[in-house]
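Readers should treat all values here as calculations from the given coordinates under stated rules, not as data from a laboratory. Keep in mind that this is a model prediction, so the values were computed, not measured. For neighbour counting, all protein chains shown are included, and Cβ atoms are generated from backbone atoms with ideal geometry for every residue, glycine included.
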Amino acid sequence: MSRITVLGEALVDLAPAGGERLFRAVPGGSPANVAVGLGRLGVPPSLVTGLGEDAFGRLVVRHLEESDVAVVVQPSRFTGMAIVTLDEAGVPAYDFALSWEPSAAPLPDGTVALHTGSLAAALGGGPAAVEAMMAAARRSATVSFDPNVRPALMGPRPDELARIERQIGLSDVVKASEEDIGWLHPGADPLGIARGWRALGPALVVVTHGSAGATLLGDTEIHRPAPPVKVVDTVGAGDAFMSALLAGLDEHGLLGADGRAGLGGAPAQALERAVLAASLTCTRPGADPPTRADLIAFTPA
């Protein structure tokens, strides 16, 4: 029985494999990565996503099921692709080919939280369906949202800002990176913007600062630095953070209608584990979120 339902894209990352013409096919997509991370941490997830009846779609389903993700497929003309390039610091850039737009669907039985965001909440007719599910889910479940801004695919900044603020208003938990906030509000203080977001409705807003760690804004503000690690690349680090944060909130009984009142008092341990999960993911190539055993055994450099 699924405890957390994730709504959003699953696709194949075509990642560099040596030279300019060689790529390897790696299952990915921010929401799919979050679902995989939850499964590896022992929190049963469902993923509502769009996949084609093709080789890449079968590859993605196998990958998800290996991490105990229950896959709810909405048909798509083809399975989405993201062509990944890395800069000298290992920071990824993406070019996308997508065909799926989500349609509203009932939550699986036993769902205590709905997580969404990224491209499914931004492109085409997707926002309307995603927002309908967020609004419906909030009656009985906690709603979490990660805007995961992709500037190359976004519309005019004012339009995207209006959409994201509307979706923040439908959320209980929001996670955003400094880069996300910097694109939406150039030159602004990220924590100042996050405080304004809290006033829109969420009980909890978390800002990630890359190698500087993360800040949780609830009833109080808590910052935790990231441990020093040898970075291979940063692909999937934010998604691993989100998975571990949700798993921590679930562990402390803060998900679901009964837990919502306590979200603002989320413990520092949930933030600390999320930072650790993101840091560990940076030491491995690609989106490879940790298991619970990985986190216990992880000793930063």
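Cut-off 10 angstrom, C-alpha nodes, Gaussian network model of the chain. Which of S177, S30, S46 fluctuates the most? Result: S177 has the largest fluctuation of those listed. Each label point was placed 7 Å from the Cα along the Cα-to-Cβ direction; for F96 and A132 their separation is 2.1 nm.
Among beta bridges identified by DSSP and lying wholly in the stretch 141-295, the antiparallel ones come to about 55 percent. Of all stretches in the chain that contain no trypsin sites (Lys or Arg not before Pro) in a DSSP loop with at most 15 other Cβ atoms within 10 Å, the longest one is 140-229. Mean residue ellipticity at 222 nm, helices only, the chain: -10000 deg cm²/dmol; runs of at least 4 DSSP H residues each add -39,500 (n - 2.57), and the sum is divided by the number of residues.
Sorting T291, T49 from the fewest to the most surrounding beta carbons within 10 angstrom yields T291, T49. Residue exposure proxy: F56, F145, ordered by other Cβ atoms within 10 angstrom of their Cβ from fewest to most, comes out as F56, F145. A Gaussian network model of the chain, with springs between Cα atoms under 10 Å, assigns the largest mean-square fluctuation among G42, G126, G256 to G42.
With the Cα gyration tensor of the chain giving a ≥ b ≥ c as the square roots of its eigenvalues, does the rule (a/c under 1.5 for rounded; else a/b larger than b/c for prolate; else oblate) give rounded, prolate or oblate? Cα axes put the chain in the rounded bin. Remark: E131, E221 ranked as E221, E131, counting other beta-carbon atoms within 10 Å and listing the fewest first. In the stretch 18-53, whose amide N lies under 19 Å from the spot 7 Å out along Cα-to-Cβ of R292? List them in ranges. Label zone hits: 34-46.
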